[in-house]
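Trainee: First the structure, which I've put down as structure tokens, then a few questions once you've had a look.
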Amino acid sequence: MKLTGAEILCETLTQLGVREIFGYPGGAILPVYDALGKSKLHHVLVRHEQGATHMADGYARASGGIGVAMATSGPGATNMVTGIATAMLDSSPVVCITGQVSSKVLGSDAFQEIDITGITMPITKHNVVVTHAGDIARTLREAFVIAKSGRPGPVLVDVTKDAQQATAEFNWDACTPKLPPKRIRTNHDQVEFGRAVELLNTAKRPVILAGHGVMVSGAMRAFEQFVRAGNYPVAMTLLGIGCFPAKDPLNLGMMGMHGEAWVNNAIQEADLLIAVGMRFDDRVTGDLRTYAKGARKIHIEIDRAEINKNVKVDAALVGDAREVLEQLTPQIETRDRSTWIRHINELKGDSAVRDIQSLPDTGHLYAAHVINDLWKETHGDAIVVTDVGQHQMWEAQYYHHDRPHTLITSGGLGTMGFALPAGIGAKFAKPDSEVWVVVGDGGFQMTMSELATIVQEKINLKIAIINNGYLGMVRQWQEFFYDKRYVATPLVAPDFAALANAFGIRAERVTTRSESNSAIRAAREASETVLLDFRVEQEDSVYPMVPAGASLHDMIRRPHNPLVETASDA
Amino acid sequence: MQTLVAYVENKPGVLNRVSSLARRLAINIDSLTVGPTENEEIARMTIVAHTDERGAHRLEASLEKLVDVLLAENISGRALLERDLALIKVAADQQNRPHLMELIKVFRARVVGVAPESLIIEVSGTVDKIDGLLEVLRPFGVLEMARTGRISMTRGSDLLRPPLLDLESSVGEPEVTKAK
């Protein structure tokens, strides 16, 4: 069957199971858009190409599948860069398709020509330029395999306009992916495996460090069996949240810079750390010289390049988390951990008393209250997509996720502006799920143009703006480390409710704690998108906090009365 | 200094990916040689990098993550055969020419170009040998030099071979559709 390259592209995506594409048209990709119109693919018109990549990313993370973003050459492609880097740092399988000027003028600085494969080389898992219509199908199929296999990541396919316009034979069976055969490495030998088993069975104070890899691998069940077999307490990275139910008594919560004190102290006191699908990021280790000094370390990780990168380990089990855990579990001898677990519970000490949730309602609205109310009202069942900053950490602390893939956030790159578009993508992936976008007033203003996308697509999303009038996390650093010199962090914002109304979106402003629950309830009951503008305490800070570069146990703890500490009229 | 061997697909852009990766890891490349293998679709690289064992591991593992890299291996510390080749243009007048010829003989180098005021000397061998010759030639006046950079091969039965290119990929296609 003879088809144009553009038709082949759409047909290949359709056969690969793609339903939605997030994109923005332009000259060099127009042939594909023409073919899109005749295909069954649904195109979501974004308002900025960064939004398209975040949507594809959110789609991939919520669905466990692959997200597809599309843009034209030049500025369309360069606008995708932040979104691609976000997906790269969080190992998210996104396929980006960009138009490119005709192969005959490549390299001539033609209108809207840019070397996007050159630009994205360090931030993609792979990228490729296609100049022949006949290569499009195979290349796309290879891109999908690369994006999803091993440690996932973004792949960019740059298709020249003449390749889109030319015709070629299209035969699905004749264009199977043909990737260079890799050497099969024997991941770990029996000696390494035996050493890990011995460490697992002799540890007195073990802690599991669970990361994103548990979910990427689909290892939730194997992970739970492993945890139960060894009675291991579990600490989670930000992206690991959801891989093990928050309500489980063995789940300690999030570790790291804004992890609860008992979690970080348990790690520091442990004699064995079992890292599963995580990469010892500086935000979870603090100062490496003092990190878990008394602990032996086992690293279960699919990416060999992560082994001994930041933390030197005693046993490295390179492989898919599920496979490795399934091999390990039968070897685990069940141990009574009550002494160790009781000790960790004691470490909680007065943390619970200091917790803002335990303090009386003074009428002041705190972000932590809003998140906690949201958790209660949604019964912990919503998919929450957060942006970056204070609200992101409060969400991680106060929204207790019991199911995987229900917290979607930019962890590695820390991309402000991620939440709204990623939330739109997540809603497309899970149309029957309740999706909440939780975002600060700073990050929201970076990509709020996507409100128009919501309206055009008639989707039902819930948006909670945690509005404190500051770039809150940066303000917090200025408060702690720069003597409260708030340079460039006070932030003027429009009336978000009025703004939402202007887009045709229902909105409400919430200023007191007593209104919070009812506002959330009303938003949930609405069958359309609702935006809630929560005007929260302005100079509230996220506790505990390990200052950047400090030891993990060296935390700035919650003040004894955060209400007095932060309320402006105290 | 660490020595790595990489087999890569012989196509445009691969060298850029490899060197860009070293740049991203902040590893300085001392020399990088690349040439086709007996299979013209595959090229072999010898990379000599200024880094420690940990850095070499990271480079090796990261290289192997590149789609176009079939195999990468840190061969530092193994029994190696190493060769570097240099062309050295050295000032030579009638008086010192015999002395130069003696040195060339000692180093098993040879003269491949003769001009009234200079000689071009070709020498191959280990880096140390070439450095040694260079040292003794310096007083005569080294006018120009070109070096290939090191190529390395493990000795004996320690074989480093890439998987065959004609093998179909064993990776199955992923499930793109929504998770049920």
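Read-outs: derived from the displayed coordinates by stated rules, not from any lab. As the structure is a prediction and not an experimental result, all values here were calculated from the model. Note that each Cβ is placed from the backbone with ideal geometry, even for glycine, and that neighbours are counted across all protein chains shown.
Trainee: Assigning unit charges at the beta carbon (Lys, Arg +1; Asp, Glu -1) and nothing else, what dipole magnitude in debye, to the nearest 20, does chain A show about its Cα centre?
Mentor: Value, rounded to 20: 1040 debye.
Trainee: Dipole magnitude of region B:3-115 about its Cα centre, charges +1 at Lys/Arg Cβ and -1 at Asp/Glu Cβ only, in debye to the nearest 20?
Mentor: In total the dipole reaches around 320 debye.
Trainee: Toward the positive end of the charge dipole of chain B, about the Cα centre and with charges on Cβ (Lys, Arg +1; Asp, Glu -1), which of B:Ala92, B:Thr126, B:Thr154 goes farthest?
Mentor: Highest projection toward the positive end goes to B:Ala92.
Trainee: Testing the spin-label approximation: label points 7 Å from Cα along Cα→Cβ at A:Asn501 and A:Asn460. State their distance in nm.
Mentor: 2.4 nm
Trainee: Another question, then. Take A:Lys38 and A:Trp172, extend 7 Å from each Cα along the Cα→Cβ direction, and tell me the distance between the two endpoints in nm.
Mentor: Result: 1.9 nm between the two label points.
Trainee: Here is a further query. Between rounded, prolate and oblate, where does chain B land on the alpha carbon gyration tensor, with a ≥ b ≥ c its root eigenvalues, rounded for a/c under 1.5, else prolate if a/b exceeds b/c?
Mentor: Since a/c reaches 1.5 and a/b is larger than b/c, the shape of chain B is classed as prolate.
Trainee: Can I ask one more? I need the peptides A:463-470, A:489-496 ranked by packing, meaning the mean over residues of other C-beta atoms within 10 angstrom, with the highest value on top.
Mentor: A:463-470, A:489-496
Trainee: Below 8 Å between Cα atoms, with a sequence gap of 6+, how large is the relative contact order for region B:80-152 in percent?
Mentor: 52 percent
Trainee: Same structure again: Nearest 5 percent is fine: what portion of the DSSP beta bridges confined to region A:435-557 is antiparallel?
Mentor: Counting only bridges with both partners in region A:435-557, antiparallel ones make up about 10 percent.
Trainee: Which is farthest toward the positive dipole end of the protein assembly as shown among A:Cys10, A:Thr339, B:Pro163, measuring Cα position about the Cα centre, with Cβ charges +1 (Lys, Arg) and -1 (Asp, Glu)?
Mentor: B:Pro163
Trainee: Can you sort B:Ser19, A:Ser338 by how many other beta carbons sit within 10 Å, fewest first?
Mentor: The most exposed by this proxy come first: A:Ser338, B:Ser19.
Trainee: Let me spell out the model: positive unit charges on the Cβ of Lys and Arg, negative unit charges on the Cβ of Asp and Glu, origin at the Cα centre of region B:80-152. What dipole size does that give, in debye rounded to 20?
Mentor: The dipole of region B:80-152 has a size of about 180 debye.
Trainee: Hey, another quick one. Region A:320-373: which GluC sites (Glu not before Pro) are DSSP loop and have at most 10 other beta-carbon atoms within 10 angstrom?
Mentor: A:Glu333
Trainee: Something else: In which sequence would A:Asp483, B:Asp30 go, from the one with the fewest C-beta neighbours within 10 Å to the one with the most?
Mentor: Going from least to most buried by this count: A:Asp483, B:Asp30.
Trainee: If you don't mind, there's one more thing I want to ask. In whole percent, what relative contact order does region A:190-348 give with Cα contacts below 8 Å and a gap of six or more residues?
Mentor: With pairs under 8 Å counted, the relative contact order is 30 percent.
Trainee: I would also like to ask the following. Could you work out the local net charge near A:Lys38, counting Lys and Arg as +1, Asp and Glu as -1, over the other residues with Cβ closer than 13 Å to its Cβ?
Mentor: -2
Trainee: Quick check on chain B: helices-only [θ] at 222 nm, where DSSP H runs of length 4 and up contribute -39,500 (n - 2.57) each and the sum goes over total residues. Nearest 500, please.
Mentor: Calculated at 222 nm, the ellipticity per residue is -7500 deg cm²/dmol.
Trainee: To check you understand DSSP bridge types, tell me what percent of the beta bridges within the protein assembly as shown (both residues inside) are antiparallel, rounded to 5.
Mentor: Within the protein assembly as shown, antiparallel bridges account for around 40 percent of the total.
Trainee: Same structure, new question: Just need the relative contact order of chain A here, percent rounded to a whole number, with Cα pairs under 8 Å and 6+ apart.
Mentor: It rounds to 14 percent for chain A.
Trainee: Taking a ≥ b ≥ c as the square roots of the eigenvalues of the Cα gyration tensor of chain A, is the shape rounded (a/c under 1.5), prolate (a/b larger than b/c) or oblate?
Mentor: Taking the square roots of the gyration eigenvalues as a ≥ b ≥ c, chain A is oblate.
Trainee: Sort region B:80-152 into rounded, prolate or oblate with this rule: let a ≥ b ≥ c be the square roots of the eigenvalues of the Cα gyration tensor; rounded if a/c is under 1.5, and if a/c is not under 1.5, prolate when a/b is larger than b/c, oblate otherwise.
Mentor: Cα axes put region B:80-152 in the prolate bin.
Trainee: How many Cβ atoms of partner chains, on average, are near each residue of A:169-181 if near means within 10 Å of its Cβ?
Mentor: That works out to 4 on average.
Trainee: Within 10 Å of each Cβ in B:60-67, how many Cβ atoms from other chains are there, averaged over the peptide?
Mentor: Partner-chain Cβ atoms within 10 Å, mean over residues of B:60-67: 6.
Trainee: Multiply the residue gap between A:Tyr486 and A:Glu192 by 0.36 nm, knock off their C-alpha separation, and tell me the result in nm, one decimal place.
Mentor: Difference between extended and current length: 100.7 nm.
Trainee: Another one. Work through the residues other than A:Ala77 whose Cβ is under 9 Å from its Cβ and net out their charges, Lys, Arg +1 and Asp, Glu -1.
Mentor: Overall, the nearby charge balance is -2.
Trainee: Summing -39500 (n - 2.57) over the DSSP H runs of n ≥ 4 in chain A and dividing by its residue number, what mean residue ellipticity at 222 nm do you reach, to the nearest 500 deg cm²/dmol?
Mentor: -10500 deg cm²/dmol
Trainee: Going by average Cβ density within 10 Å per residue, which order do the peptides A:192-203, B:104-115 take, highest to lowest?
Mentor: Ranking, from highest mean packing down: A:192-203, B:104-115.
Trainee: Which order results if A:Met393, B:Met1 are arranged by neighbouring Cβ count within 10 Å, fewest first?
Mentor: Going from sparsest to densest Cβ surroundings: B:Met1, A:Met393.
Trainee: May I ask for the net charge around A:Gln100, where only other residues with Cβ less than 11 Å from the Cβ of A:Gln100 are counted and Lys, Arg are +1 while Asp, Glu are -1?
Mentor: -3
Trainee: So, in nm, how far is label A:Glu346 from label B:Asp93 when the simple model puts each one 7 Å beyond its Cα toward the Cβ?
Mentor: Placing both labels 7 Å beyond Cα along the Cβ direction yields 8.9 nm.
Trainee: Mind checking A:505-517 for the average number of partner chain beta-carbons within 10 Å of each residue's beta-carbon?
Mentor: Shielding by partners across A:505-517 averages 0.
Trainee: While we're on this one: Among A:422-432, A:101-111, A:125-135, what's the highest-first ranking by average C-beta atoms within 10 angstrom per residue?
Mentor: A:422-432, A:125-135, A:101-111
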